[in-house]
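Asker: Just passing along the structure, written as structure tokens.
Just so you know, all these numbers are worked out from the coordinates, no wet-lab data involved. As the structure is a prediction and not an experimental result, all values here were calculated from the model. In this analysis, Cβ positions are derived from the backbone assuming ideal geometry, glycine residues included, and neighbour counts consider all displayed protein chains.
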Amino acid sequence: MPDAATAKVLRFHPDRCTGCKECEKACSQVHFKTKEGGHFSALTIIKTNDTYQLHACDQRGLCLDLCPVGALTRNKNGIVLLNTKTCVGCQACVAFCPIGAMRKAPTRIQPFKCISCGACVRACPTHALTLEDIPLQNVRQIVYHKQGV
């Protein structure tokens, strides 16, 4: 694992969100080459009463030690990534993710998650999403410490 000092983490500003879901459409374009959003997006905007909430991976990395084939790693930017060539599609990470941010893919065996690529940030017309460098020590959580995450 690279020694990342920070992680790029998606931050949500609910006071700016209008619920247009352009971010979801941009995300699904990155992961599945479709602008469908919804189940094809690694992030979800949820309306609760009169406000919106973001549901996406926060890069804490609890899943890193769980993968039986080591398909999950943290890159040099602190982002938890899934190697689709190594992944066997067991879905253990989907079941394990405590916030439900690792998602079962609708059209392939490998799951998917937010990779902090910034497509959603660029697509948001009201600037309700930003990518911020957060100290990794404030983000990272370790479960088993098997792989030294």
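Asker: Past the 20 Å Cα-Cα mark, which pairs from Lys8/Lys35; Lys76/Lys113; Lys21/Lys76?
Answerer: Flagged as over cut-off: Lys8/Lys35; Lys21/Lys76.
Asker: If you don't mind, another one. Enter the angle in degrees (range 0 to 90, nearest 10) between the Cα long axis of helix 22-32 and the first principal axis of the Cα atoms of the chain, meaning the one along which they spread out most.
Answerer: With rounding to tens, the tilt is 40 degrees.
Asker: Defining a contact as two alpha carbons under 8 Å apart and six or more residues distant in sequence, what relative contact order in percent does the stretch 6-139 show? Don't skip to the answer; put the middle values down first.
Answerer: Numbers: 259 pairs, mean separation 46.1, N = 134.
The normalised contact order for the stretch 6-139 reaches 34 percent.
Asker: Check each of the chymotrypsin sites (Phe, Trp or Tyr not before Pro) in the stretch 52-149 and keep only those in coil by DSSP with at most 14 other C-beta atoms within 10 angstrom; list them in order. Please list the in-between numbers first.
Answerer: On the way: sites: Tyr52, Phe96, Phe112, Tyr144; in loops: Tyr144.
Filter output for the stretch 52-149: Tyr144.
Asker: Can I ask one more? Counting other C-beta atoms within 10 Å, which of His31, His39 has the fewest, and how do the rest follow?
Answerer: His39, His31
Asker: Please give the net charge around Cys97, taking every other residue with its beta carbon less than 12 angstrom from that of Cys97, where Lys and Arg add +1 and Asp and Glu add -1.
Answerer: +3
Asker: Between the stretch 111-125 and the stretch 1-49, what's the alpha-carbon centroid distance in Å?
Answerer: Cα centroid of the stretch 111-125 versus Cα centroid of the stretch 1-49: 5 Å apart.
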